Structures are given as structure tokens and as C-alpha cells.
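Have a look at the structure below before the remarks.
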Amino acid sequence: MKEEYVLHAPTYEWTVRLFSRLRKMLGINIKLHGDPALLAQGEIFLFNHFAHIETFLPHYLIYRETGAFCRCIAKKTLFKGNESFSKYLSRVGVIPNDHDELLPMLVAEIIRGRKVIIFPEGGMIKDRRVMNDKGKFMVYSRKTGAYRKHHAGAAVLATAVDTFKLAVHTAEEAKDWKRIDAWVAMLGLKNREHLLFSARRSTKIIPGNITFYPINTSDNFLNKGAGFLSAELSPRVNEELIIEANLLLKNTDMDMRLGKPVDLAEGRRWWERNLQKYLARNLNTVEDFFTLEGLNRPWVEKIIRGTIRRSSERIRDKYMHGIYQEITINLSHIASYIVLDLVDKNVTEIEAKKFYLIVYLAIKYVQQQSSVHLHRSLKNPEAYADLVVGRKKPLKQFLEIASENGLIELKRGKLKFLKKLNEGFESDSVRIENTIQVYVNEMAPVDNAVAAISRALNEHQLISDVVLAELHFDDELRCYDWNHFYYSKPRFDEINKHETATESGRPFYIIPEESRHDIGVVLVHGFLASPAEMKPFSDKLVAAGYPVYGVRLPGHGTSPVDLRERNWEEWLRVVQRGYETLGTHVDRVCVVGFSTGGALSLIFASEHPPSLAGVVAINAPVKFQNKTMRFVPFLHGMSRLMRWNSSFEGVVHYRSNSPEHIRVNYRNIPVRGLYELVRMNHVLSHRLDSIHCSCLLMQSTNDPVVVPDSARVLKDGLVNADVDYVEIESSRHGILYEDKGETHKVIMEYIEKLSEGVIHKEHL
């Protein structure tokens, strides 16, 4: 090995440490997906190439996870012009692509235990155009106006490594220690065992993909500073300063996903295996694989070269497919495809609300494709669910970038597609000028994603309210799953270890096979509980033929830490969504809420939903037995002030709870949650006279949580409503869950009267 390309471990290590510090300082968000064990098992790693930073990311993650050094191939031009930089590159494992002995050198490095990183696209593909018109993986060159095949060097390298390992096996079986010792000396290994261990490892090619989101095209201080110092920056340099720096500075997600290892033996013909064995028996040096010297049979040499070429092309096609199938699909991919599809159909403008609906449907259809990898913003419905009601917030960044680039115009509730969308751009400018085209090109190889988005485009005008309701409920389930997983992470163990709730916190949505009523029931659980609290009563409703929706208030059924991040307005929106969803199956809806759920139900009723038949509020809180509730605003203020100080955790942020139902309720109460209760009650007190529907108020006589007089206060405030008031003789708060005093029967009779239309004004 030439001295100038010897990897220097100290330089490599301090570079990794420096990047770790920069990552922390800048908040660089790198996510590794796939089996982390592949980082240790893999020998050759292949990635797409869109930005310079990709050259280092795999090095960093592999070293951090395994401690192994990596070699990487780079363009020869990087080694010219600056001797110090060239020396640095070589010290951190980079080798120029014109190295005379590149492949033999890499084979040797793999046997030594190092890993090799290759970008088979050959260079940065800024427009991400990697498929020809026939759907074959090829790289488009704007300079030549033609496509070229991806490089097969990685396949040749893997075949060489595999063949050399076979040669070692052959020598070991023959006990040819002289030959083995010669290889040990040639490779600079410590002993035979090192060589034999390396040879026993299977040769694994790991395809991977690095996806950046979003692609931000706004100026940053680096390109502004460079422009100030030199007013004559080339378009290429300026573009790279904008894009590359923004990847580090503008909260960009870097998703690195590892795919299934490529099996070299898979698809190999019997004669190919025999030729490999023949070649292995005749290998004396690593270089012999590439030169085929010593065979002394030209016709055999010709056959072997042809076989290696064809085999390498098959392997190349396999790993390129693996690379592009590991793309992390995000919201901009979906929106971009929809835009260009509409443009191709000569659509020049579209109602924004309709566009958002298409995007929402596309998200839901893409989610159904198990083979498609989704960005976190497409996994957590809280990031996109508002699209269906015509809110642009989830698409705000996409629309802003597209608008700044002169691609889209949003005006008067319509999206207008501008002429620039159809213009062609050079590779050095396309990342700035037309990010929509870049996103579409990147996603094009993922057939299932493309098909799902096309389905949304074709079906959006025919989608029924019932189907939409089912999709909304799926969002509620996904939201629960996302938050339950997130707040179960070890860093929340300090709070979660005290929790005893074992009942599922998932919402439920049940339409009986024989629904006998035109009225459905939305069930809203109480503070610190979950939909499980309403399940015993729900079972009776379903048995009686009532459609039922048990909502989950955000922050509940997962972890107290989750509840700490929520506000009561989020709880109310969930009640609204439950009402709208159930309303697709029935003419009228009754909302039954327990405790905090009762207060939310009344607030919801004050907004005059058109199909609301009535409200049942059970032990709704107006006054609390715990007199310290008056200090909650102060404690919340202290909590916010001191949140940075971990020593206050558990003192200010949470209070202990002794729930009646330990399998349902949290044992830790976030002070923030109590503060939201206070805020919610303040709103309720001012809305009571705005409620005009039928109401059933229920209150346990010796409620240990809510002052029993609360129901009387509510009744007196409901001056414009039909009110029934029922007291339940009990010293328990959870009278609905426990069915104290035939609570279930009383509510069922009330709902039955609502269903029959016989409710009248009564003051009991």
C-alpha cells in the first residue's frame, strides 16, 4: 500500500469526536434504521449520493456502533489543489478512484477487518434521476443527455473478497500453512487466526439509503459570508453552500436506513461456482484475482472474465434495487408527486382544501404498504391529520419553499401551479430551483408508494364519509401506538416505573352488526384514565345495538410524561373528531363523559354541533375536594420557571396519586395537567348558558374527588338546556366504571328516551 494512503487512526478518531460535538451543538438529527447488527456484520456498504455530507455519515455511525474503521472511494479531483486537505482525506480512510491498485487494496483492507463504503452512482446525483424511461436503474447525465449504468465495482470487489476467502478455506483444508503464512505476511496480519477468522465471515454487501428531509433552499450564513468575501461565486459553489449547509443548520432529518444484505451466492450458476473454485485454487496474491496471471490458459481467462462481468452486473442490479427501496418517504415526496401528476394532466390550479384531501388520502394509502419506509411525520398522525379539514400547517414548509422558488402560488384558497414546474434545470441548480422534481425523482423507484399516491389521485372524488371516518379512527390508533412507544423509552423510566395501569389505553370504535338505533354514543373518559374506564359501559351499549366510539384524550393511556405536554384544547378536539366520525353512521349522537370527560362534553355541547342529541355528564368537576387545587396555577408557573432544573423533577412537575382503579389510572399527576383542568373549568363556567340541548347530570353523594355540590352548580348554570339531575348514593368517584347505584341503567334509559324522541324538560 502506498504510504500516502495509509489510514491514520488518531486523525480518524478525533474527526469522529469533532463531528459528535458538532452534532450536539447544531442539533443534527441522524436516525439509523434497520438492523444495527448489520453495521458489524457488513463488509461493503453501498449508499446513494446526494450531498457531500453523505461521504462521512456512514463512517461516523459505523465507527460509533462498532469501533471499526472504514475506507471510502472519492473522486480524484478532491485530492488535487490542496496538499493538506489531500493528506487529511487519506488519513481518514478516503482513497481516490484513480488509484492504480484500488480494488486489490480494498480487498486487503476488508480482510484486515476494515469496512468499505462505496457510492455506486459514481458521484452526487443532485436531481436524483436514477431511472430511465423503461424503469431500469440508470444514472442520467445532463452533460451527455443520455443514461449510463451504475458502477459494478462494488460487485467485483465483493466477488474478489469472496474468492480470496474461498482460497484461504481451500488452503486450510489442504493444511497448506506455507501458503496461509505467506498471505498473513503479505496482509500484515498478526497471525494465522486473524486470517482464518476473516475468511470464515460471510461476505456481506449492505445496501443503504440516506434520505434528507426537508431540502431547504433558503440562504444561510455560510453562503452569505462566502458571497461577501467573493462576489464571483460560481453557481455550483453557491448551490452547494446553500444546500449542504442547510442540511446541517436548518433542522434537517437525516434518515440512514440499512437494507437486506445481498447474498453473492444467490442466483449463481453451477459453472460459476466451479469457476470460482478453480480461480481460488490458483490465487497466490490478492492481485491475481484482477490480473488472472498465472492461469496460463487464455481461453479460461476469457471465460472467467466474462463470467465475473455477468455475475457482477446481476449483483449490481440487486444492490441498486436494495438501495432505492430503502428511501424514507416523507410528506414532501407525496405532495410533490401529486403536484407534478396534476400538472401532467394540464391542471393549472386546484382548491387548496381538495389538494390537502388528496395528500391525506395518499398518506393513508401509503401507510398500508408494508414495504414502504415512512418518515416519522407520516407515522404520527398528529403531524398530518389536520390536512383533512383543510389546514395547511402540515404542508406549510413544503408550500413555503415551493412558493419561494416560484413553483406554486397559494392565493384565495387555491393552489396555482406555475410554469417553472415544467422547466428543465442543470444538475448544479436543480436542488434549489425545483425541489419538487427532486423529490419526485427520488421516490420514483418505490413502486408501491407511487401506486398508493396514484390511487389517492383517482379516488379522492369518490371517497365516502364512512371511509374517511374509518381512516380517521385508524389515525387515532396510530397516534396511541406512536405515543405509547415513544413514552415507554428508558429515559422516562423514573416516572413510568411507578405506574400500575395495565388496561389498554387504545380508543375503540364499534358498529354493531345489527345496529337498531339512529343514535350513537361517544364516550369520554376522565382525567388520568383512558378509554378502558368506559369499556364496561360500552359493552352494554353495543349489546343493546348502539354504535359506540370511545375517545382517548391526548396524553392519557400512555405515560404521565405524555400528559404533561398536553392542553385541554387538544382533549376537546378529540371529542369533536369522535362526534364527527360516529356521525357518519348515525343521524344523532349522544356524548357521555365521566368526570373531566363530562366537563369536556358540556363544553362541546356549547358549540352547538348540529346532530348532538344530548349530553351525559357524570361527576363533572366544578369544585374539587382537594383544597390545594387553588395553588395549581402557582405550582404550574414554578414548574415552567424551573423546568430546566432536573432537581425539581418529581417535586414541582408531578404529584402522587392514589387512584381508585390502579389498572386504569396514572399514579403520577403532572402539575401541567392539573393546570389544564383549571383552565378548562374556567371556560366551562362561562359557557353553561350557551348549551341548549338535553343534559343528564349525575353525581355521587359522597364523591371523594369532586365536591357533590358541583352538579347543582352546573344545573343552575344550564338555564337554556333540558336538564335531568340524578344523585347516586355512593362514596366512590368512579361510579360509571363500577356501575354504582345502577348508573349504567340510568344512562341507558336516558339514551333510549333520546332515541325515541321523548325527552322533555324536567327539573328534579
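Along the stretch 499-507 the Karplus relation, 6.51 cos²θ - 1.76 cosθ + 1.60 evaluated at θ = phi - 60°, assigns HN-Hα couplings of 7, 10, 5, 10, 5, 4, x, 6, x Hz to successive residues, with x for each Gly and Pro.
The mean sequence separation of alpha-carbon pairs under 8 Å and at least six residues apart, normalised by the residue count of the chain, gives a relative contact order of 9 percent. The relative contact order of the stretch 328-463 comes to 37 percent, based on Cα pairs under 8 Å that sit 6 or more residues apart. Taking the longest Cα principal axis of the chain as reference, the axis of helix 632-642 is set at about 20 degrees. When you filter the trypsin sites (Lys or Arg not before Pro) in the stretch 314-387 for DSSP loop state and at most 14 other Cβ atoms inside 10 Å of their Cβ, you are left with Lys345.
Near Ser731, once Lys and Arg are set to +1 and Asp and Glu to -1 for all other residues with Cβ below 11 Å from its Cβ, the sum equals -1. Label-to-label distance, Ser611 versus Asn274, with points set 7 angstrom from Cα along the beta-carbon direction: 7.3 nm. Under 5 Å between amide hydrogens, built in the peptide plane, is the criterion, and for Ile117 it picks out Phe45, Arg71, Cys72, Ile73 among residues at least 5 positions away or on other chains.
Nearest 10 degrees is fine. How inclined is helix 596-605 to the longest principal axis of the chain, computing both from alpha carbons? The angle comes out at about 80 degrees. Nearest 10 degrees is fine. How inclined is helix 743-756 to the longest principal axis of the chain, computing both from alpha carbons? For 743-756 against the chain, the angle is about 90 degrees. Local charge for Gln699 was computed over the other residues whose Cβ lies under 14 Å away, with Lys and Arg +1 and Asp and Glu -1, and equals -1. Counting neighbouring beta carbons within 10 Å and listing from fewest to most, the residues Met256, Met131 come out as Met131, Met256. Taking amide hydrogens as placed 1.01 Å from N in the peptide plane, the amide H of Asp253 sits under 5 Å from those of Tyr213, each at least 5 positions away in sequence or on another chain. Taking amide H as placed 1.01 Å from N in the peptide plane, the amide H of Cys695 sits under 5 Å from that of Val615, Asp722, Val723, Asp724, each at least 5 places away or on another chain. Checking the a/c ratio against 1.5 first, then a/b against b/c, what shape does the Cα gyration tensor give for the stretch 676-764? Judged from the Cα gyration tensor, the stretch 676-764 comes out oblate (a/c at least 1.5, b/c at or above a/b). Going by neighbour counts of Cβ atoms within 10 Å, the residues Trp177, Trp571, Trp183, Trp482 line up, fewest first, as Trp177, Trp482, Trp183, Trp571.
Scalar couplings 3J(HN,Hα) for the stretch 712-723, obtained by applying the Karplus form with A = 6.51, B = -1.76, C = 1.60 to θ = phi - 60°, are 5, 4, 5, 4, 5, x, 8, 6, 10, 10, 7, 10 Hz; x denotes Gly and Pro. Putting +1 on Lys and Arg Cβ atoms and -1 on Asp and Glu Cβ atoms, find which of Leu736, Leu582, Trp270 reaches farthest to the positive end of the dipole of the chain. Among Leu736, Leu582, Trp270, the one farthest towards the positive end of the dipole of the chain is Trp270. Among the listed pairs Lys260/Lys364; Lys76/Lys302; Lys175/Lys318; Lys76/Lys420, those with a Cα-Cα distance over 32 Å are Lys175/Lys318; Lys76/Lys420. Convex hull volume per residue, computed on the Cα atoms of the stretch 63-150, equals 151 Å³. Among Ser84, Ala501, Leu32, which residue has its Cα furthest toward the positive end of the charge dipole of the chain, with +1 on Lys/Arg Cβ and -1 on Asp/Glu Cβ? Comparing the listed Cα positions along the dipole, Ser84 ranks first. Basic side chains Lys and Arg get +1 at the Cβ, acidic Asp and Glu get -1 at the Cβ, and with that the dipole of the stretch 319-438 about its Cα centre reaches some 620 debye. Here the Karplus curve 6.51 cos²θ - 1.76 cosθ + 1.60, taken at θ = phi - 60°, turns the phi angles of the stretch 118-123 into couplings of 10, 10, x, 5, x, x Hz, with x standing for Gly and Pro. Looking at the square roots a ≥ b ≥ c of the eigenvalues of the Cα gyration tensor of the stretch 333-395, which shape do they give, rounded for a/c under 1.5, prolate if a/b is larger than b/c, or oblate? Note, shape of the stretch 333-395 comes out oblate. Each of Leu602, Ala362, Val156 was placed along the dipole of the chain (beta-carbon charges, centred on the mean Cα), and the one lying farthest toward the positive end is Val156.
Short-range pairs are left out: with C-alpha atoms under 8 Å and at least six residues apart, the relative contact order of the stretch 1-142 is 32 percent. Computed over neighbours whose Cβ is under 15 Å from that of Gln369, the net charge equals +1, Lys and Arg +1, Asp and Glu -1. Under the combined filter of DSSP loop state and at most 15 neighbouring Cβ atoms within 10 Å, the stretch 695-764 retains these trypsin sites (Lys or Arg not before Pro): Lys761.
How would the stretch 426-556 be classified by its alpha-carbon gyration tensor: rounded, prolate or oblate, with rounded meaning a/c under 1.5 and the a/b versus b/c comparison settling the rest? Oblate, because a/c is 1.5 or more while a/b does not exceed b/c. The equivalent ellipsoid that matches the C-alpha gyration tensor of the chain spans semi-axes of 62, 29, 26 angstrom, in descending order.
Exposure proxy shown here: for Tyr725, Tyr666, the number of other Cβ atoms within 10 Å sets the order, fewest to most, as Tyr725, Tyr666. With R₀ fixed at 45 Å, the C-beta to C-beta distance from Trp14 to Ala174 puts the FRET efficiency at about 0.50. Charge dipole of the chain (Cα centre as origin; +1 on each Lys and Arg Cβ, -1 on each Asp and Glu Cβ, all else neutral): 2680 debye, rounded to the nearest 20.
In the chain, the DSSP-assigned H stretches of four residues or longer account for a calculated mean residue ellipticity at 222 nm of -13500 deg cm²/dmol, using -39500 (n - 2.57) per stretch and the full residue count as denominator.
Throughout, read-outs are computed from the coordinates displayed, never taken from laboratory work. Nothing here was measured: the structure is a model prediction, and the numbers come from that model. Using ideal geometry, Cβ is built from the backbone for each residue, glycine included, and neighbour counts are taken over all protein chains shown.
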